[in-house]
Structure formats: structure tokens, C-alpha cells
Amino acid sequence: MKLSQTRLLVKDFHQSVAFYRDVMELPMGFSAEEMQFASFNTGETKIEIFSRQNMAEVIDENNLSPSTELQSKFLLTFEVDQVDEVCARLKDKGVVFLNEPHDRQAWNARVAHLRDPDGNVIELYKHPL
């Protein structure tokens, strides 16, 4: 398992993309307006920008009470060889997943999500499908 990117879960996608692209001058690797997703190449590890609301839909957090803050403000993404096998090993260790391994066609990836002990979201993925 290797850390491949840190994903910032942002309230204002356009403002955040402009900040990292124009102010911080990070080279843009990929952007998908319809998914509110952007990726910046920073060397070995990437920084990604993703809408908090879109991530809440992915991990089914839209049913939180209005007073509850949406999930963490960042997400650690780990690239793995086989999402299902890694999830099975982690389940054997007592990990409770936010969702089961599934294909995200729009991302061209197989993914699953869990939380660390402090509630931060972790994504396991295999790309491409």
C-alpha cells in the first residue's frame, strides 16, 4: 500500500482550484468540472481538490443532521493492488467501512472508504478499473 495523494475536501471548489493553481502556482494535472475534482502534480505525491458535498454523496453522509459538520477536510488516498483483498484483511482487524468496495466508473477506479480513529476519511483505490 502506498500513499498516492492527499485530497482536500473543500467547500468552494472553484476558489480552491484558483488558489492552488494561480497563487501557489502548482501545475494542474487534471480537472473535471462536472465532478468538481482537480489534481495538482507536486512530485511523487499529488494534491487533489474535491467538493465536500460530492464526497459526502460518495460515502453516504448526506443524512447527517443539519448541525453536523460534513466529514473531515482532507482524505488520505492509498493505492492498493486489490481493493477487495485489502478490505477483507482490514475487516478481519475490526475495521468498519463507510462503503463496500465498488467501481466508480466516472473515476475509472475501484474504491472503498473507511475512517481512522479520529474520524478522518481514508480511501483505498485501484486505478484503472
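What follows draws every value from the coordinates through simple rules; no lab data is involved. Note that the structure is a prediction, hence the values are computed from the model and not measured. Cβ coordinates were reconstructed from backbone atoms using ideal geometry, including for glycine residues, and neighbour counts include every protein chain displayed.
In terms of distances greater than 21 angstrom between alpha carbons, the cross-link table entries K46/K91; K2/K91; K2/K46; K46/K93; K11/K126 yield K46/K91; K46/K93; K11/K126. Between the amide H of T77 and those of S4, Q5, R7, E123, distances stay under 5 Å, these residues lying 5 or more places away or on another chain, with hydrogens modeled in the peptide plane. Relative to the longest principal axis of the Cα atoms of the chain, the long axis of helix 83-92 lies at roughly 50 degrees.
Which of rounded, prolate, oblate describes the chain, given a ≥ b ≥ c as roots of the alpha-carbon gyration tensor eigenvalues and a/c under 1.5 marking rounded, otherwise prolate only if a/b is larger than b/c? Oblate shape, in that a/c is at least 1.5 and b/c is the bigger or equal ratio. Each of H14, M24, L3 was scored by the projection of its Cα onto the charge dipole of the chain, and the greatest displacement toward the positive side belongs to L3; charges sit on the C-beta of Lys, Arg, Asp and Glu.
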